[in-house]
Structures are given as C-alpha cells and as structure tokens.
Amino acid sequence: MKRRAFLISTAGSVAGMMLLPRMSFAAEGQIDWYTASDSNILDFWTNTIKPAFEAAHSGVKLNLVDAGDNAGIQSIAERAIAAMQTNADPQADYFEHADPRLPKGAIEAGLYVNMKDAGLSNYAKVNPLAIDSDYSLPYRGSQVLLAYDTTKLPPADVPKTWDELVTWIKANPGQFVYNRPDKGGSGGNFVRRAIHQVNGLDPKAFTVGNYTEAFGNEALGKAWDLLKDIAPALYDGGAYSSGNTQSIQLLAQGVVTMTPVWSDQVLQAISEGVLPETTGMVQLRDLALCGGFSRAVVLSNGKNRDAALKLADFILTEDIQSAILTELGGFPGVSWDYVSAELREKFADIIPTTIPTFPAGAWEAAVNDGWYRNVAPNIDRKS
Amino acid sequence: MASSVRIAAGEGRRPVGLLLVAVPVFLVGWLVIWPIVSAILRTVWRPQGDGGMGFDLSTYAFFFSDAYSLNNLYLTLWTTGVCAVLLLIVCLPIALYLRFANGKIAVYVQALAILPMFVPSIILAYAFIRVLGPNGMVDLLLNAVGLPKIRTPYLTPWGPVIGLVWDNIPLTVVILLAGLGSVSNMAVEAARDVGANRLQVFWHIVLPQISNSVLVALSFSVLGIFSAFTLPYLLGPASPEMMGPFMQRTFRDVNDPIAAITQAVITFCFCIAFGLFYVRSVARNRGR
C-alpha cells in the first residue's frame, strides 16, 4: 500500500508541475538580464546591484540569468533578431556584457539601443578610454595580471616584460600554469598576449572584421610556436588548468608560483582568504595583458526596454561604481574624476592608461581551435 | 492461477497492451530516432558550391583525415577500454563477496559499493582534486611520513579514468549481483563436494552462468563512459580530449555545428556497436 500511495502522490505532483504555466512570456516589469561572465560577477549583481536597483525603482524586478559563455549570449541575440522579424517577444532586455558588432549586422538591423542618444543622465561620466561603440555602455573594467607567490619569488626579481617572463618560466619548470584559452579569460588573454608579442606588439592589428584564413594562419602560427616553446616548462610538462578559478586554486595550494589571473578575481580571492596576503601582482611593462571593459547592451525590441535603460543609467551612479572598486575589485567604467577621492588615492597604482583588447568573432574561434590543435597536444596520454 | 489469468488476458486485451507501450515508443521515435535521422541527413546532404543541396561526405572525410580528431577518438576508445577492464577487476570480487558472504560486514560493503550512485560527478571531481590533486591530501600524508610526492593523475588521461570507474561501480556491481543470484548454492556445494577449490568453482560453475550479466554490465557502463562529459571536462588533459568535451567545444567555441554533428554521429555509431552487445545478450537469454 505504501508503494502505491507513493506512486500516486509522485505522479500527482509531477502532473501538477506540468500543468503550471510555463514562463514563456517576458513578465511585465521584469528585466530579463543575461550574463556570460564568471560567477563573481553574477554574485555581485545578485547581492549588490539587484537589491539597490529594485529598492530605487519600485515595481521593476531584475531576472538575472547566466547565459554560460559568449556563445550563449550570441545565440540569445540571434533569437532576438529572429523575434524582431516576426514582431515576437525576444524575452531578453539587457546583456551584462556583449559586443554590439556581434552577431554581424545586429546594429544595422536595429537590435541594440544607441546608448549615446538614449538620453542617459550619466552617459557623460563614462571614461572616454573605455568607449568602443555608441551601442554599448562600458560599466566595469578588469585586466589580466600575473599573480605570484612572494614567498617563493621576491618582488624584486619578478619578470616585467614578456621576454623576462619566458626566461623565468624556462628557468623554473613546473612553476607556471595558464588555463585553456576558451575556458576563461585569464589564460585566454595570456594566449592573446603571446599573439601580440609576435605581431609587433600592436593590438590594433586585429579587428573584428579583418580575419581571413591566410592572415589568421600567419599571425597565429607564430604565436603557436612561441607557446609550444614554453609548454614543456609549464606545470606538469604542459598541463593546462580548466578555468580561471582552477588557476587560482593551483596558486593557492602552492603548486605553482605564478599564473595569469583577472584583477577582480585575484583581489576578491585575497580579500576572502582564498589566496594569502603574500600574493603579489604584476603587469607586464612592454605591453599589458589584454583585458577590457565589460560593456552593457540593451535590446531595442525588449519588452522592458525603458526599464533596462534605467538600469543602464543606474549602474553608472557613484554608489555602484564605487562598489565595483571595493566589492568586485574591478575598474570603474566612469572617469576616475567621478569616483570618490579617497578611493581614487587607494587604487592609484592600478589606474590604467591603456587597456589592450583583442577582438571576438572569427578571431575567437580561430584562437580557441588553433590553440587546441597546435599547442595543447603535448601531454603523453600513457604517462 | 497464473496461467488462467494469462488466458483471460489473451486476444481481447492486446490493443490495451499496445496502447501502454505506445507512449514510450512514440517518445523514443520522437526524441531519439528522429534526431539521429536528421543529424545524419544534415551531415551528408549539404549545400554545394553552386548553391544547391547535394550528397557530400566531406565532413566525415575531414574527421577521419584530421589527426587531431582521430587522437580524440582514440583517447575516448582508450579511456573506455581501460575503464571497462578496471571495472571488471574491481566489481567482480565485490559482487562475488556480496553474493556468498553473510552478516553485518556484507551489509556495510554493499552500502559502500552503492554510495557512488548518490554522489554527483561534479562533487566527485572536486573531491578528487582535493584528495589526489597536486598538494592534495594524499600528497600531504605521504609528505608527513617522509615519502616522496606522487605525480598526480589530475589533468592527465588517468584523471577521468579514476573518476569514471568510481562513478560506474554501483551499476556494475548491481547488475553482476543480479546475475550471481541465478547461481544456485547447490551447484557450488556440489562442486565443493567433489573437491573443487575456489578458483575452480569460480571458473567452471560461476563464470559460465554470469557471462551474460558481465556482458550486460559492461555494455551499460561502456555506453555511459564513451559519452561522459563532466569528469573528462574537469579532470582530463586539454588535448587530446574525450568526444563529449570535444563535441561541446566544437559546437560552442568553434561555432561549427556541422562538425559537431559529425562527431556526434560517429560517437553514436560506436555506441550502437556497444549497444548491439547488450541486445544480443538479452536475445540470447530469451532463446534459452
């Protein structure tokens, strides 16, 4: 009898759940927000921005959704373009970070709101260094740095250029690790720094539109040689961690001495005690590792576009921008003049003058696949 | 009684029986068979240079001529084979012990053997990194007694092997145990009476009767291991990679759905081959 009662109640509740209305339409007053960033960003939005925004704008709710990765955001944007043609609801209003040039033709199709003309009251505060398109709103920055263990490597001896870094890696085999380039920006931008190194240290040589197979093979091929050259001196003879967090973990466990990290993640890890206070940070002097600003994008056909624009304006306020510095360890998206003087002084040494970037799109696919095919096949599976 | 019920249920009830299986059959057709057919069609019927559609095997030709893809396939086959052998070596003694032992300890052993079924593989991966990983617990313990460090299997092909074997122990043990249930105590005792030792009992009495269960257990776990994702993704080397992570990466990061579908069709063909073992042994059982 017990078994039968159990079956009946289970079947009943499953059937009940299937009858519940599915969330297939964007709810009124609920901003559908998507991110492809790491969980620390999602946590920051959940714990800091969402409560502050909802308190300031009654009746508006934020629905925070993790889209996984850039490809996830892309597919939602493609869905929104399709929805535009049929006048349907794209069920998306706001991308925490996206390149408005992707998918190709999205701007021309009118998918994204022109932020410059949208009448945001705080738009004038945005750091001009960070603006890259009228259709996106830079609101936080972060850069890839090298984090190292000062107990094993005194700050005076730390490598400060790419060549010094390569010399150090080879002199200390097994003490450096970076993650697979498609699984996190810290390793990804280390790979991109190598690409810059062999292409005349000129970040402007690469743009979203200038990828061709011939240019790609030539420009990337030289970088693969460079990375293959250092592979045997990496952790475990050429093993690569599977994400930003895993690299930090290897550093925290004292397995490696140095690894590339995102500035915000490493500051957070230190403040949470995951990494010891003795962790040092260094940026290469000849050309910084790539990084960049996260640029918010608002969809013009979203059902809650106006509320989403209010949100875009809200994140440029001094409170939120200060929280990005203090709680997230990122750079503000507004000019440093709009940050409190006290914070400005405290973070004086990480205020960047330039932040090199690397385009996404076809280049991203070429870098990801090329690295796996050319650099990674180093480890012997029988070992 | 049983036979009279069966007669009463005879001809008249047949449509009801068919109706009962209609839903699962429909679901299998819709969610499994149709996607397979459509995937195969999409990889062989592709747009041609002149704008039309045509029969085209170029993605398969690429896969089988591309050293990188083939390495991934070999690694997957290697991992599956090694895992199958290790599973048999680990699980057969456990199952034999559980079949012939009585008492409290056997209950605990059974509980331990079934435990991995209730541990999600992502948690297993994390535990693995903390215990067997670099400077993990094993390393610390070895260090404490003055032994040298081990070279950790984390990020080598042995990482996923260890994880996958642990993960598949419960299913294998349960299936083997079910097979051992059909071995009668009398047969074993009779063999003992005529002077057979343990090995002889196992080889001549037990093994012939459970060979079918061994096949079923292996084909089940092999199917799971061949298409495993989480453990190879978190514990394995960057390259070569197993088919699961390779497909996911080709689809999402390289933006090449056709190549990803091709890899999926090839994976599916291997799984069908393993599946046939299972079907054959079930059919053989029926024939008896």
Those residues of region B:178-189 which are open to solvent by 50 Å² or more (accessible area, probe 1.4 Å) and in a helix (DSSP H, G or I), in sequence order: B:ALA178, B:ASN185, B:MET186, B:GLU189
Return a yes/no flag: does region B:108-124 have any residue that is in contact with a helix residue (DSSP H, G or I) (Cβ under 8 Å, 6 or more places away or on another chain) and within 14 Å of chain A (Cβ to nearest Cβ). yes
Selected residue [within 26 Å of B:PRO245 (Cβ to Cβ), within 13 Å of chain A (Cβ to nearest Cβ) and either surrounded by 21 or more Cβ atoms within 10 Å (Cβ to Cβ) or at pLDDT 90 or above (or both)] from B:VAL90, B:VAL82: B:VAL82
Output the number of residues of region A:314-332 satisfying the condition of being assigned to a loop (DSSP other than H, G, I, E, B) and surrounded by 21 or more Cβ atoms within 10 Å (Cβ to Cβ). 4
Any residue in region B:127-150 that is among the charged types (D, E, K, R) sitting within a Cβ distance under 8 Å of a residue that is assigned to a helix (DSSP H, G or I)? List the pairs, counting only those 6 or more apart or interchain. B:ARG130/B:MET137; B:LYS149/B:ASP139; B:LYS149/B:LEU142; B:LYS149/B:ASN143
For region A:1-85, which fully contained helices (runs of 4 or more DSSP H) count at least 1 residues that are open to solvent by 30 Å² or more (accessible area, probe 1.4 Å) and modelled with pLDDT of 85 or more? A:39-44, A:50-56, A:70-85
Selection status of B:PRO153, open to solvent by less than 40 Å² (accessible area, probe 1.4 Å), within 12 Å of another protein chain (Cβ to nearest Cβ) and modelled with pLDDT of 90 or more: no
Inside region B:49-62, can you point out the residues that are more than 32 Å from the chain's Cα centre (by Cα), surrounded by 11 or more Cβ atoms within 10 Å (Cβ to Cβ) and assigned to a loop (DSSP other than H, G, I, E, B)? B:ASP56
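Conditions (1) within 14 Å of chain A (Cβ to nearest Cβ); (2) touching a Pro at 6+ places or on another chain (Cβ under 7 Å); (3) of a type in the set (A, V, I, L, M, F, W, C); (4) touching a residue at least 12 places away in the same chain (Cβ under 8 Å), marked per residue:
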| site | (1), (2), (3), (4) |
| --- | --- |
| B:ASN185 | no, no, no, no |
| B:VAL194 | no, no, yes, no |
| B:HIS204 | no, no, no, yes |
| B:SER221 | no, no, no, yes |
| B:PHE229 | yes, yes, yes, yes |
| B:PRO232 | yes, yes, no, yes |
Selection over region A:293-313 where residues are within 22 Å of the chain's Cα centre (by Cα) and buried (at least 20 other Cβ atoms within 10 Å of the Cβ) yields a count of 11
Can you report the number of residues in region A:35-68 which are free of Cβ contacts under 8 Å to residues at least 40 places away in the same chain and on the phi < 0 side of the Ramachandran plot? 16
If I go through region A:136-183 residue by residue, how many of them are assigned to a helix (DSSP H, G or I) and closer than 30 Å to A:LEU309 by Cα? 0
Do we have B:LEU140 as among the hydrophobic types (A, V, I, L, M, F, W, C), open to solvent by 60 Å² or more (accessible area, probe 1.4 Å), within 14 Å of chain A (Cβ to nearest Cβ) and within 29 Å of A:GLY237 (Cβ to Cβ) here? yes
With the condition kept exactly as written, say whether any residue in region B:91-103 is in contact (Cβ under 8 Å) with a residue 24 or more places away in the chain and under 26 Å from B:VAL265 (Cα atoms). no
Residues in region B:70-80: is at least one closer than 22 Å to B:ALA259 by Cα, out of contact with any Pro (no Cβ under 8 Å at 6 or more places or on another chain) and aromatic (Phe, Trp, Tyr)? no
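Residues to consider are B:ILE210, B:ILE175; find the one that is open to solvent by less than 10 Å² (accessible area, probe 1.4 Å), out of contact with any Pro (no Cβ under 6 Å at 6 or more places or on another chain) and either more than 24 Å from B:THR43 (Cβ to Cβ) or basic (Lys, Arg) (or both).
Answer to the selection: B:ILE210.
Of all residues in region B:248-258 being outside any loop (DSSP other than H, G, I, E, B) and farther than 17 Å from B:PRO35 by Cβ, which is farthest from the other protein chains (Cβ to nearest Cβ)? Spell out how you get there, then give the answer.
Initial filter on region B:248-258 (outside any loop (DSSP other than H, G, I, E, B)): B:248-252, B:257-258.
Now restrict to residues that are farther than 17 Å from B:PRO35 by Cβ: B:249-250, B:252.
On the way: B:ARG249: 7, B:THR250: 8, B:ARG252: 4 Å.
For region B:248-258, the residue satisfying everything is B:THR250.
The values are calculated or read from the model by the stated rules, or taken from the named source; none is laboratory data. Everything quoted here is computed from the prediction, not taken from an experiment. Heads up, the Cβs are rebuilt from the backbone with ideal geometry, glycines too, and the neighbour counts pull from every protein chain shown. Please note that ligands, DNA and RNA were not included when accessible areas were found on the heavy atoms of the full protein model with its side chains. Shrake-Rupley method; radii C 1.70, N 1.55, O 1.52, S 1.80 Å.
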